1. If residue 267 meets every condition in (1) in contact with a strand residue (DSSP E or B) (Cβ under 6 Å, 6 or more places away or on another chain); (2) more than 12 Å from residue 293 (Cα to Cα) apart from one, which number is that one?
2. Looking only at region 320-373, count every residue that is over 22 Å from residue 48 (Cα atoms) and touching a Lys or Arg at 6+ places or on another chain (Cβ under 6 Å) and tell me the total.
3. Of all residues in region 75-113, which are of a type in the set (A, V, I, L, M), surrounded by fewer than 23 Cβ atoms within 10 Å (Cβ to Cβ) and over 31 Å from the mean Cα position of the chain (by Cα)?
4. Is it true that some residue in region 124-137 is open to solvent by 10 Å² or more (accessible area, probe 1.4 Å), among the hydroxyl-bearing types (Ser, Thr, Tyr), closer than 29 Å to residue 327 by Cα and modelled with pLDDT of 80 or more?
5. Give the residues of region 217-226 that are assigned to a loop (DSSP other than H, G, I, E, B) and more than 10 Å from residue 414 (Cβ to Cβ), sorted by residue number.
6. Got a sec? Which strands (runs of 3 or more DSSP E) wholly within region 1-116 have at least 2 residues that are at pLDDT below 75?
7. Anything in region 235-265 that is over 19 Å from residue 209 (Cα atoms), in contact (Cβ under 8 Å) with a residue 40 or more places away in the chain and small (Gly, Ala, Ser)? List them, or say none.
Amino acid sequence: MREIDATGGVEGQGARRDAPGVRAHPAGGAGSAGAVWVLRPDGGLDRPDHPLFTGAWQVGRDRPTAAVIVDLSRIREITADGVRGLLQCARALAEAGAALLLAGADEPVARLLRVALVDGTIRIHDTVEAAVAACGAAATGADAAARDGGRTAVPEVIRLRRETVDLRARLRSHPLIAQAQGVLRERYRLPDPQAAFTLLQRSSQTHNVKLRTLAAALLRMDRPDPDSPLWFPRRVPEDAPALPFLPGVRPGEVNRGTVVKRVLNQALEVLGSDMGDLQLADPVSGLRMEEHQGFGREFLDFFAHVDGETSCATAAARARPVMSDIATDRVFSDAAREVILATGSRTAHSIPMTGASRRVVGVFSVHVSQAGRSLTNAEAGILHQLATRAGLWLEWHERTVVLDALEDLHQRAQGADPEAAPRRADPEAAPRRPDPEAAPRRPGPGAAPRRSSLGNPRRGYPAGS
């Protein structure tokens, strides 16, 4: 067994230093050629070109049937770049017929690695001795990973988690819409559920309000006066709040999708990050994912709806920003922590968006790969201003555009004329763009021409809100 001290010294010199006292010990049977090399890096694995990886690659090149064990007992921090470097190193060694194993990591580092290396490309052992004993099996596993390009089967636990998330999403949305259909049938004496669904869908498309959002608003609002042509006859027109982060756009005409996307993009720009998400308050499920960037399916499925065990839920509950260390913050459940760590995130900044009523209407979170990365005063000020402006506009949207959609629904139902069949079968989404060829809307008998809350004829909102 050959021991190498990989300290991460001068960049470009590599990791192979035969220091005084280094001894070679044969370890027969550990690898296909009976050679095991142990590398001992020191400090932190914080970049993909760390000298450790150069040293491991040299071993694989010079002794392609050897097994390389990385002793992590002197490593106290590993970043997303370090994890990527380990994966690249393991695959390069496997292509050469060698195996890479990890051993001796302290508990925080080992826990992080078990999450990040979930596909089994690299085996992790408690001690160097245990790694030596398992070298043969590790080499076989690494070789198999190289043959399929590192793409291994998704663990059963992840598959089951995805199925559970999908089922929960269906259970939240479908009964809500079905309940709204039942209310409409009873309230307006509609002949069947399809007529109620068509009413919902037409109003959803006209105002670019998601069907689930419209159904939830219908259920929580007091029922309208059956003899009144208006659901909200005393509603006062209200100007849309300014949107300084969308220059050149009229705040009263922009759609919600454009606003939330720009809010998240600007927050990411402030911190120089490419990972973040924006969630809106949902009366049924706490927070609902609305916009995201830089995350894969596992993250998006797991956090599609949250009502606890996350920094964003904590920020919403406290109505103030929250900074969380992903690896150590107790707010996360073990499952949530694993999913976030696997993305490379080490710190999350969750900023609540609050409306004029002081109610939290949503939260955006920016994730960074550096552990303990705090905000500067300037960054905190920009994010606060962004959250304030966004919160005011989103609350206005709820009080204006969503209620306009309900008003439209009421007028259609009074006329018992849901118009044409819905243009999309997906009950959760409005069309991407309004249809310029669609027939004009027809108000119910005796109803006055409908006007928006801004005092102008409703021209419709762009899609995506």
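The values are calculated or read from the model by the stated rules, or taken from the named source; none is laboratory data. Just so it is clear, the model here is predicted, and its values are computed rather than measured. Neighbour counts are summed over all protein chains in view; Cβ atoms, including those assigned to glycine, are modelled from backbone coordinates with ideal geometry. When the accessible area is computed, the model is the full protein with side chains, heavy atoms only, and any ligands, DNA or RNA have been set aside. Shrake-Rupley method; radii C 1.70, N 1.55, O 1.52, S 1.80 Å.
1. It fails just one condition, (2).
2. 0
3. 96, 103
4. If we filter region 124-137 for residues that are open to solvent by 10 Å² or more (accessible area, probe 1.4 Å), which is where we start, we get 124-130, 132-134, 136-137.
Filter once more, keeping what is among the hydroxyl-bearing types (Ser, Thr, Tyr): 127.
Now restrict to residues that are closer than 29 Å to residue 327 by Cα: 127.
Applying the additional criterion that residues be modelled with pLDDT of 80 or more yields 127.
Yes, because at least one residue in region 124-137 is open to solvent by 10 Å² or more (accessible area, probe 1.4 Å), among the hydroxyl-bearing types (Ser, Thr, Tyr), closer than 29 Å to residue 327 by Cα and modelled with pLDDT of 80 or more.
5. In the first step, residues of region 217-226 are kept if they are assigned to a loop (DSSP other than H, G, I, E, B); the result is 221-226.
Passing the criteria: 221, 222, 223, 225.
6. On the way: elements: 2-6, 36-41, 43-45, 67-71, 75-78, 99-103.
Output list reads 2-6.
7. Result: 242, single match.
Per-residue answers, yes or no, for (1) without any contact (Cβ under 8 Å) to a residue 24 or more places away in the chain; (2) surrounded by fewer than 22 Cβ atoms within 10 Å (Cβ to Cβ); (3) not polar (S, T, N, Q); (4) not in a helix (DSSP H, G or I):
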residue: 350; (1), (2), (3), (4): no, no, no, yes
residue: 381; (1), (2), (3), (4): yes, yes, yes, no
residue: 386; (1), (2), (3), (4): no, yes, yes, no
residue: 400; (1), (2), (3), (4): no, yes, no, no
residue: 410; (1), (2), (3), (4): no, no, yes, no
